[in-house]
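Here is the structure we will look at.
The values are calculated or read from the model by the stated rules, or taken from the named source; none is laboratory data. This is a predicted model, so every value here is computed, not measured. Counting neighbours? That spans all protein chains shown, and the Cβs are built from the backbone with ideal geometry, glycine included.
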Amino acid sequence: MRLLIDIGNSRIKWALSEKGATLLHSGVQEQDLPAMADLLKQLHQETAITSATVVCVGSEELYRQIVSIIKKLTDVTAQRFVSSQYQAKVKNAYRDYQSLGADRWAALIAGYQLYFGPLLICDCGTAVTIDIIDAGGRHVGGYILPGLAMARRSLHAGTTNLPQVRGGDLIPASDSVSAVSNGTLLQLVAAIEQVAFEYGQPNCVLTGGDAVFVGSFLGIPFHHDPDLVLKGLAIAGTDN
C-alpha cells in the first residue's frame, strides 16, 4: 500500500493508494506529531505500507520528523515529491521549474488528468494559488494571493481599529467588521472570476480548506475536489 502525505502550512493531509491512482482512504490531521505517529502506526498495522511519498510546503523540521516517523514505524524510506519540467502530460510554465510549489504541481497533474483542459485550478488555503492549464496540458502560469485568514490577520495587525473577523458576504457593508470580512472575500472571488473570464471560462476546480466557502459565492461553475494534491501524488507515482 502506498502512503501519500501533504504537509501544508496549517494541516497535514494523508491518503492510501494501491496500484492505481485511486485514493482508498484519506483524512486530515492537525500538525500534532504524536497523533500523526499513532495514525501511521495504525495504518501500517491495518494495511502494510510499502512505499511513501511526501509533498511539503510547510515546516522543513516537521517534514524531517514525519519522514523519520515513517521510517521508524514502517521501515520505508519516504520519497519527497518535487516539481518537474514535464510529468503526466503537463508542462511546467516556470523557467526554474523546481521553484514551482510542489503542491501546486501535484494539483496541476491531478487537475489535467481528471478534469482535462483548459483548466483553472484554485487552491484556497493559507495562501491562495490560481493556476491555468491550456487544452494541451501546458501550464500557462498562475497567481499567489493571501488566503482569507491571512488577509484578515494582515488588516487587523497593520491597523489600529480594524477587527479580526470571520465569515463574510459580497454585499456592501455598513460597519467595519462586515467591511473587512466582505472586502477580503470579494477580493478573492473577484480574482478567481476575473482569471476565468480572461481565459475563456475554463473548467474550474477548487481545493483547499476554504474552497467550499469561497465557491459558494462564485458566479461560475466549478468542481470541488478536496483531495486534489493527494490525487496528484498518486497519479505521479504511476507515471513512468
Next on the checklist: Among the residues in the stretch 62-75, are any part of a loop (DSSP other than H, G, I, E, B) and among the polar types (S, T, N, Q)?
Outcome noted: no
Item to check | Flag if residue 47 is farther than 20 Å from residue 208 by Cα and modelled with pLDDT under 95 | outcome: yes
Next on the checklist: Just the residues that are in contact with a His (Cβ under 7 Å, 6 or more places away or on another chain), outside any helix (DSSP H, G or I) and either at pLDDT 95 or above or within 23 Å of residue 9 (Cα to Cα) (or both), please, taken from the stretch 108-166.
Outcome noted: 131, 133, 164
Checklist entry - Does the stretch 31-44 contain any residue that is surrounded by 14 or more Cβ atoms within 10 Å (Cβ to Cβ) and in a strand (DSSP E or B)? => result no
Checklist entry - If residue 93 passes every condition in (1) in contact (Cβ under 8 Å) with a residue 40 or more places away in the chain; (2) outside any loop (DSSP other than H, G, I, E, B) but one, which one does it miss? => result (2)
Next on the checklist: Taking the criterion of being closer than 30 Å to residue 213 by Cβ and among the small types (Gly, Ala, Ser), would at least one residue in the stretch 108-115 satisfy it?
Outcome noted: yes
Checklist entry - Among the candidates 167, 183, 208, which residue alone is touching a residue at least 24 places away in the same chain (Cβ under 8 Å) and in the same structural domain as residue 119 (by TED's automatic domain parsing)? => result 208
Item to check | Residue count, the stretch 186-201 (criterion: farther than 29 Å from residue 28 by Cα and touching a residue at least 12 places away in the same chain (Cβ under 8 Å)) | outcome: 5
Checklist entry - Taking the stretch 201-212 only, how many residues are surrounded by fewer than 17 Cβ atoms within 10 Å (Cβ to Cβ) and either β-branched (Val, Ile, Thr) or at pLDDT 95 or above (or both)? => result 1
Checklist entry - Restricting attention to the stretch 101-149, and to residues there that are of a type in the set (Asp, Glu) and over 16 Å from residue 192 (Cα atoms), which single residue is surrounded by the fewest Cβ atoms within 10 Å (Cβ to Cβ)? => result 134
Next on the checklist: Of everything in the stretch 4-22, what is in contact with an Asp or Glu (Cβ under 7 Å, 6 or more places away or on another chain), over 18 Å from residue 126 (Cβ atoms) and surrounded by 23 or more Cβ atoms within 10 Å (Cβ to Cβ)? Give them in sequence order.
Outcome noted: none
Next on the checklist: Considering only the stretch 47-59, I want to know if a residue exists there that is more than 25 Å from residue 110 (Cα to Cα), outside the structural domain of residue 208 (by TED's automatic domain parsing) and part of a helix (DSSP H, G or I).
Outcome noted: no
Next on the checklist: Going through 110, 151, 106 one at a time, which residue ends up being farther than 18 Å from residue 230 by Cβ, in contact with a helix residue (DSSP H, G or I) (Cβ under 7 Å, 6 or more places away or on another chain) and not assigned by TED's automatic domain parsing to the domain that holds residue 21?
Outcome noted: 151
Checklist entry - Applying the selection to the stretch 172-197, what residues are of a type outside the set (D, E, K, R), over 24 Å from residue 123 (Cα atoms) and either outside any helix (DSSP H, G or I) or modelled with pLDDT of 95 or more (or both)? => result 172, 173, 174
